[in-house]
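The values are calculated or read from the model by the stated rules, or taken from the named source; none is laboratory data. These numbers were taken from a predicted model, which means no experiment stands behind them. When we count neighbours, we look across all protein chains shown, and the Cβ atoms used for this are built from the backbone with ideal geometry, even at glycine. Note: areas computed on protein heavy atoms with side chains; ligands, DNA, RNA excluded. Shrake-Rupley method; radii C 1.70, N 1.55, O 1.52, S 1.80 Å.
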Amino acid sequence: MHYPEPISKLIDSFMKLPGIGPKTAVRLAFFVLEMKEDDVFEFGKALVNAKRDLTYCSNCHHITDRDPCMICEDTSRDQTTICVVHDSKDVIAMEKMREYRGLYHVLHGAISPVEGIGPEDIKVAELIKRLQDDTVQELIMATDPNIEGEATAMYISRLVKPTGIKITRIAHGLPVGGDLEYADEVTLSRALEGRREI
Amino acid sequence: MHLKELQLNNYRNYKSEEVSFQDQVNVFIGENAQGKTNIMEAIYVLGFAKSHRTPRDKELIRWDCEYGKIEGRIQKRNGPLSLQIVISQKGKKAKYNHIEQRRLTDYIGALNIVMFAPEDLNLVKGSPQVRRRFIDMEIGQISPVYLHHLSQYQKILQQRNHLLRDLGRRRKSEQEMMLDILTEQLVEYAVKIVSKRHQFLKMLQEWASPIHSGITKGKESLEIQYKSSVQVSDSADMTKMIEEYNDKFTKIKEKEMERGTTMAGPHRDDLMLYVNEKDVQIYGSQGQQRTTALSLKLAEIDLIKSEVGEYPLLLLDDVLSELDDSRQSHLLNTIQGKVQTFVTTTSVDGIEHETLKSASLFNVEHGTATLIK
Ligand SMILES: Nc1ncnc2c1ncn2[C@@H]1O[C@H](COP(=O)(O)OP(=O)(O)O)[C@@H](O)[C@H]1O
Ligand SMILES: [Mg+2]
Ligand SMILES: [Zn+2]
């Protein structure tokens, strides 16, 4: 199918988003053509601003529009506990539960030799730096409950162990959506077990 | 357990077919390439959510169709059961009593199956991989969590092999620690797998050895052993096993780093079969090798009965004619009246056994199966 260039460019852009295939991209592109010009303008501005105005917190590496982020700035939060997660989505999910009152550390990935990702490719060194003074007393490892997440948690706990800081492991629920595969009674029982010291 | 009805839609060369079975023997007769093995495969997929012939699910979808569906109505001791597998371009879905199961471990194991096909005659002389697959699938259907352990093991193994292959790309201390961690993860699952395999083979041996001596009229004894890449002193003592595996990996560390691959673990293990104390893979005649394969398959029938409390279904694809008279009648005597059996053959001529006289016969032609007797 041949589309005028502005449309095919728009289709290509939509296809860069996760979970959007060619069919959906075409549908979205034509929908945009039907939208009011003001709305389209707002939409475009929102996209650009999200990218331009958002950065990562230099302390916890959570996504934020100011540095340090609101969580790190909030002195009413428990400064002695850091919850270690894979990405910013995990922070947002945890915050929704409103149970946790400590700080976070976002690793931006997990150790996975298959994908060429080692400890130096994620924010491990930055985490260790945060433990230099004696403020932090507990690390909660909330990395994903899969092989890579476990390996990452084990790696960090080995690094931190000599400092005497308490380390616990929590699995936040089951992986969602995932393919039908030979998985996973263990994940479920772990999720129910809650935190355990490692 | 008994398969009462099988319904196929856009599956292989079947457009839309519904077949009812009797509880004893069902025979599919037809020329080559008509769809006999396809039916066997459909029943197998219903049990294992996976084909015995191909790892690619999409091949099961009828050409030029969007999706394929296999549905079965099963009668178990404690009531009826409905199983359904739908395969689409996007993936597969498994339903247990009309409810979709998100984890295959919740699905597999409900319908137990023992299959015997010509390639199983290779069980003895084939590669270790063939025997590992045999052990894994059989344990999987009586203990689905085993399949989970296997898939975790495979993932860790892949990570570990990548790390070993790409050594030197990172700082040494980091690398060492990553290797340590992956070894710890690998060992955690390795011992679970190996311990289960030991346990399974011990049971299999108990069932197989009287069967084997029965088929050979007491002339041959069969012994099964697990050949492990790590010496295990007690397969029931997990703590000890973990120690032994750790020791092994410490010992071979240099070599693994040099070769860039994982050199011990269940992915390297094998199954040893001895007839009259001689390794039948090396010293056995073709006849002895076939008898051994048959003994193992028949033993599984009893093993499943003792483990799950019901006989499995038996699928015999093209093998009946491959067996000589005495093996044939031993097989048919074993199943008589107990095990619902599905047989494929190009012709029933020459198979005289009692069991077949009361069987239902189906004519298979061009993607249809019609009851003829
Ligand atoms: N996905 C498919 N769609 C349509 N036909 C198929 C498909 N896969 C295999 N076939 C056809 O099925 C036939 C083979 O059936 P099979 O059951 O293996 O034969 P046999 O009766 O010899 O056991 C072949 O004619 C092949 O072309
Ligand atoms: Mg065939
Ligand atoms: Zn922050």
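At-a-glance table
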item: Residue within the stretch B:65-88 that is open to solvent by 10 Å² or more (accessible area, probe 1.4 Å), touching a helix residue (DSSP H, G or I) at 6+ places or on another chain (Cβ under 6 Å) and modelled with pLDDT under 95 present; result: no
item: The stretch A:96-140: number of residues that are within 14 Å of residue A:71 (Cβ to Cβ) and surrounded by 14 or more Cβ atoms within 10 Å (Cβ to Cβ); result: 7
item: Cβ-Cβ under 8 Å pairs, at least 6 apart or on other chains, the stretch B:340-352 side within 14 Å of another protein chain (Cβ to nearest Cβ), far side within 12 Å of ligand 1 (Cβ to nearest atom); result: none
item: When residues of the stretch B:89-102 are limited to those that are within 14 Å of chain A (Cβ to nearest Cβ) and out of contact with any helix residue (DSSP H, G or I) (no Cβ under 9 Å at 6 or more places or on another chain), the one farthest from residue B:310 (Cα to Cα); result: B:90
item: Pair list, Cβ under 6 Å, 6 or more apart: the stretch B:170-186 residue within 7 Å of another protein chain (Cβ to nearest Cβ), other residue open to solvent by less than 40 Å² (accessible area, probe 1.4 Å) and not in a helix (DSSP H, G or I); result: B:170/A:118
item: Meets criteria (over 26 Å from residue B:106 (Cα atoms) and in contact with a Leu (Cβ under 8 Å, 6 or more places away or on another chain)) for residue B:16; result: yes
item: Cβ pairs under 7 Å, 6+ apart, first in the stretch B:142-165 and more than 7 Å from every other protein chain (Cβ to nearest Cβ), second in a helix (DSSP H, G or I) and among the aromatic types (Phe, Trp, Tyr); result: B:149/B:189; B:153/B:189
item: In the stretch A:49-73, residue nearest to ligand 2 (Cβ to nearest atom) [restricted to those that are more than 21 Å from residue A:107 (Cβ to Cβ) and open to solvent by less than 70 Å² (accessible area, probe 1.4 Å)]; result: A:50
item: From B:323, B:314, B:356, residue being of a type outside the set (S, T, N, Q), away from ligand 1 (no atom under 16 Å from the Cβ) and modelled with pLDDT of 85 or more; result: B:314
item: Qualifying positions in the stretch A:141-165 - among the polar types (S, T, N, Q) and either touching a strand residue (DSSP E or B) at 6+ places or on another chain (Cβ under 6 Å) or open to solvent by less than 20 Å² (accessible area, probe 1.4 Å) (or both); result: A:143, A:152, A:157
item: Residue ID - surrounded by the most Cβ atoms within 10 Å (Cβ to Cβ), chosen from residues in the stretch B:343-373 that are in contact with a helix residue (DSSP H, G or I) (Cβ under 7 Å, 6 or more places away or on another chain) and among the hydrophobic types (A, V, I, L, M, F, W, C); result: B:343
item: Residue, most open to solvent (accessible area, probe 1.4 Å), within the stretch B:245-299, restricted to residues that are farther than 30 Å from residue B:178 by Cα and touching an Asp or Glu at 6+ places or on another chain (Cβ under 6 Å); result: B:276
item: Some residue of the stretch B:11-19 being open to solvent by 10 Å² or more (accessible area, probe 1.4 Å), touching a helix residue (DSSP H, G or I) at 6+ places or on another chain (Cβ under 7 Å) and within 15 Å of ligand 2 (Cβ to nearest atom); result: yes
item: The lone exception for residue B:54 - which of (1) under 30 Å from residue B:356 (Cα atoms); (2) near ligand 1 (Cβ under 10 Å from one of its atoms); (3) at pLDDT below 95 it fails; result: (1)
item: Out of B:73, B:53, sole residue that is within 12 Å of ligand 2 (Cβ to nearest atom) and within 23 Å of the chain's Cα centre (by Cα); result: B:53
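Yes or no, residue by residue, for (1) outside any helix (DSSP H, G or I); (2) within 16 Å of ligand 3 (Cβ to nearest atom); (3) touching a strand residue (DSSP E or B) at 6+ places or on another chain (Cβ under 7 Å); (4) among the polar types (S, T, N, Q):
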{"residue": "B:23", "(1), (2), (3), (4)": "yes, no, yes, no"}
{"residue": "B:28", "(1), (2), (3), (4)": "yes, no, yes, no"}
{"residue": "B:31", "(1), (2), (3), (4)": "yes, no, no, no"}
{"residue": "B:34", "(1), (2), (3), (4)": "yes, no, yes, yes"}
{"residue": "B:39", "(1), (2), (3), (4)": "no, no, yes, no"}
{"residue": "B:44", "(1), (2), (3), (4)": "no, no, yes, no"}
{"residue": "B:50", "(1), (2), (3), (4)": "yes, no, no, no"}
{"residue": "B:55", "(1), (2), (3), (4)": "yes, no, no, no"}
{"residue": "B:59", "(1), (2), (3), (4)": "no, no, no, no"}
